[in-house]
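The values are calculated or read from the model by the stated rules, or taken from the named source; none is laboratory data. These numbers come from a predicted model, not from an experiment. Cβ atoms come from the backbone with ideal geometry, glycine included; neighbour counts cover every protein chain shown. Protein only, heavy atoms only, side chains kept; ligands, DNA and RNA dropped before computing areas. Shrake-Rupley method; radii C 1.70, N 1.55, O 1.52, S 1.80 Å.
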Amino acid sequence: MGRFIVLEGIDGAGTTTQTERLIDALRARDLRPLATREPTNGPIGTMIRQVLTGRIVVADALGPRAPDWTTMALLFAADRMDHLDAEILPAIRSGHVVVSDRFDHSSVAYQSASAQDPTAVSWIQQLNSRARRPDLTIVLDVPEDVAAERRARRGLRAELYEQSAFQQRLAAFYRELERHFPGETIVHIDGTQSPEAVHAEIVAHVTSVLDR
């Protein structure tokens, strides 16, 4: 049986870079890693990415806007169950170490921050209650100002959730992520360190899970 590792953090935290580095390290150990991400490249994930980049909008009476947070939570949950069914679970059963750049922790963080409704967290968690839990979730903690500088260096158009005030709420949520996912193995790493230092800490935590 394989393992399921998730990397989480705000936009610009470095999850994509560190997922790639971790995959390379696991491949060097012949551990048959599989890199994946959310939103996925599947049909629902592709639709979500079009929403995030403003290509799909709601024709509101006051003008075009992004879909409501409830619609987004449902879309992400549907994409996730398809992701598990089509990719993650078959790979784990085949003995692969699956490393996902984001999972349902992101849904709980992003959609509840959008809603600013105290009941949102429990509702989003219920939507995802049948999702297979990760063996390890690694949170890269990065202040919003540092993450904003990194996003600016990409030179890309800002996506739906990349406003500074929103990212600040996300950063606060991620710092207390384990409070919303009791019983899960969640570790925090200072994402402001050099990429090499962050990678070394990630490998140490992942190795401890793989060696159990």
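Of everything listed in (1) more than 26 Å from Ala120 (Cβ to Cβ); (2) open to solvent by 30 Å² or more (accessible area, probe 1.4 Å); (3) outside any helix (DSSP H, G or I), the single unmet condition for Leu89 is (3). Across segment 93-100, not a single residue is classified as more than 23 Å from Trp69 (Cβ to Cβ), touching a strand residue (DSSP E or B) at 6+ places or on another chain (Cβ under 8 Å), open to solvent by 10 Å² or more (accessible area, probe 1.4 Å) and polar (S, T, N, Q).
Only one of the numbered conditions (1) at negative phi; (2) surrounded by fewer than 16 Cβ atoms within 10 Å (Cβ to Cβ) is not met by Arg32, and that is (1).
The set of residues in segment 159-172 that are open to solvent by 30 Å² or more (accessible area, probe 1.4 Å) and either over 25 Å from Arg21 (Cα atoms) or at pLDDT 95 or above (or both) comprises Leu160, Gln163, Ser164, Ala165, Gln168, Arg169, Ala172.
Those helices (runs of 4 or more DSSP H) of segment 97-212 in which at least 1 residues are touching an Asp or Glu at 6+ places or on another chain (Cβ under 9 Å), free of Cβ contacts under 8 Å to residues at least 24 places away in the same chain and on the phi < 0 side of the Ramachandran plot, considering only elements entirely within it, cover 164-175, 177-180, 195-210. The numbered conditions (1) at pLDDT below 95; (2) surrounded by 20 or more Cβ atoms within 10 Å (Cβ to Cβ); (3) not hydrophobic (A, V, I, L, M, F, W, C) are all true for Pro39 except (1). In the set (1) open to solvent by less than 60 Å² (accessible area, probe 1.4 Å); (2) more than 17 Å from Thr16 (Cα to Cα); (3) aromatic (Phe, Trp, Tyr), the condition left unmet by Trp123 is number (1).
Assess whether Phe4 counts as being among the aromatic types (Phe, Trp, Tyr) and part of a strand (DSSP E or B). I'd like the intermediate steps shown before the answer.
Numbers: among the aromatic types (Phe, Trp, Tyr): yes; part of a strand (DSSP E or B): yes.
For Phe4, the condition - among the aromatic types (Phe, Trp, Tyr) and part of a strand (DSSP E or B) - is met.
For segment 15-28, check the following and say yes or no: at least one residue is open to solvent by less than 80 Å² (accessible area, probe 1.4 Å), under 27 Å from Ala115 (Cβ atoms) and modelled with pLDDT of 95 or more. Yes.
Looking at the structure I just gave you, is Thr207 modelled with pLDDT of 95 or more and either out of contact with any strand residue (DSSP E or B) (no Cβ under 9 Å at 6 or more places or on another chain) or surrounded by 16 or more Cβ atoms within 10 Å (Cβ to Cβ) (or both)? Steps first, answer last, please.
Values: modelled with pLDDT of 95 or more: yes; either out of contact with any strand residue (DSSP E or B) (no Cβ under 9 Å at 6 or more places or on another chain) or surrounded by 16 or more Cβ atoms within 10 Å (Cβ to Cβ) (or both): yes.
Against the criterion (modelled with pLDDT of 95 or more and either out of contact with any strand residue (DSSP E or B) (no Cβ under 9 Å at 6 or more places or on another chain) or surrounded by 16 or more Cβ atoms within 10 Å (Cβ to Cβ) (or both)), Thr207 qualifies.
On the given criteria, is Phe181 surrounded by fewer than 19 Cβ atoms within 10 Å (Cβ to Cβ), modelled with pLDDT under 95 and of a type in the set (Phe, Trp, Tyr)? Let's see the steps before the verdict.
Details: surrounded by fewer than 19 Cβ atoms within 10 Å (Cβ to Cβ): yes; modelled with pLDDT under 95: no; of a type in the set (Phe, Trp, Tyr): yes.
Taking the combined requirement at face value, the residue does not satisfy it.
Sub-7 Å Cβ pairs linking a first residue in segment 58-84 that is open to solvent by 60 Å² or more (accessible area, probe 1.4 Å) to a second residue that is assigned to a strand (DSSP E or B) and not small (Gly, Ala, Ser), at least 6 apart or interchain, are Pro64/Val58; Arg65/Val58, ordered by first then second residue.
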